[in-house]
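Since the structure comes first, as structure tokens, the remarks are kept for the end.
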Amino acid sequence: MQANTQDSAAVENSAQYLTFVLDSEEYAIDILRVQEIKSWSPVTHVPRSPEHMLGVINLRGAIVPVIDLRRRFSCDVKEFTNKTAVVIVRAERDKSEKVMGLVVDRVSEVYHFSNEQIQPSAGITSGIDADFIYGLAQAEEKLVIVLNLDKIVDSDLPENLEPEEASNDQ
């Protein structure tokens with residue numbers, strides 16, 4: 001991370017954000033929500049799950065759902081590469097902490113953003129559900145989309161993927 005344009009007082013009043021790339025766009029999430037970053041490895045498919053839910057992994061005894069953010073954000077699907085990563089994140093849902101893996105094209109940088117630096121997105125979502133975007137922040141000479149991790153996790157946890165009720169038509 002390059003903080004050469006920020007003084008130490010500004011850094012103390014900011015939070016760190018991990019950025020990653022999807023389809024040439026850069027996104028950011030609060031680094032305190034990142035549990036770990038893993039390289040891509042196959043997952044166990046979950047029947048009847050949405051297309052963006054790739055499956056689950058066993059992470060030291062915990063079953064963790066994994067979603068493909070490219071598919072979730074309606075980007076073109078592409079082959080995974082050696083730069084493809086799974087960012088394991090923690091988010092709040094129903095007053096408890098939940099863990100989920102997010103597949104991204106590649107992990108990028110870590111930046112410091114203050115709350116004042118994160119501006120509302122003004123409704124520009126480019127195919128992403130507006131609830132998933134917290135705001136936009138200037139990082140060096142580019143805009144970074146800051147994601148609302150709680151909304152993404154809340155919308156994609158397996159508990160939301162209940163099978164349809166069986167029909168009684170016989």
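The values are calculated or read from the model by the stated rules, or taken from the named source; none is laboratory data. In this text, all values refer to a predicted model and were calculated from it rather than measured experimentally. Quick reminder, even Gly has a Cβ in these numbers, built from the backbone with ideal geometry, and neighbours come from all protein chains shown.
Taken across the stretch 108-122, residues that are touching a Leu at 6+ places or on another chain (Cβ under 6 Å), among the aliphatic types (A, V, I, L, M) and assigned to a strand (DSSP E or B) do occur, with at least one present.
On the stretch given as the stretch 15-33, residues that are among the hydrophobic types (A, V, I, L, M, F, W, C), out of contact with any helix residue (DSSP H, G or I) (no Cβ under 9 Å at 6 or more places or on another chain), surrounded by fewer than 20 Cβ atoms within 10 Å (Cβ to Cβ) and part of a strand (DSSP E or B) total 1.
Residues of the stretch 43-62 that are surrounded by fewer than 17 Cβ atoms within 10 Å (Cβ to Cβ), outside any strand (DSSP E or B) and aliphatic (A, V, I, L, M): V46 alone. Residues in the stretch 92-124 that are touching a helix residue (DSSP H, G or I) at 6+ places or on another chain (Cβ under 8 Å) and not basic (K, R): 11 in all. Consider D68 carefully, then state whether it is without any contact (Cβ under 8 Å) to a residue 12 or more places away in the chain and closer than 17 Å to S155 by Cβ. So D68 fails the test. When P50 is tested against (1) modelled with pLDDT under 95; (2) farther than 19 Å from D129 by Cα, exactly one condition is not met: (2). Residues in the stretch 63-88 that are farther than 14 Å from E36 by Cβ and assigned to a strand (DSSP E or B): 4 in all. With the structure loaded, tell me whether S96 is over 17 Å from the mean Cα position of the chain (by Cα) and either over 26 Å from S39 (Cα atoms) or at pLDDT 95 or above (or both) or whether it fails that test. Yes, satisfied.
Within the stretch 140-156, residues that are part of a strand (DSSP E or B) sit with their Cβ atoms under 8 Å from residues that are of a type in the set (V, I, T) and at pLDDT 85 or above, at 6+ positions apart or across chains, in these pairs: V144/T19; I145/I133; V146/I29; V146/I118; V146/I133; L147/I29; L147/I133. Give me the residue from the stretch 77-93 that is under 13 Å from the mean Cα position of the chain (by Cα) and modelled with pLDDT of 90 or more and, out of that set, surrounded by the fewest Cβ atoms within 10 Å (Cβ to Cβ). In this case the residue turns out to be R90.
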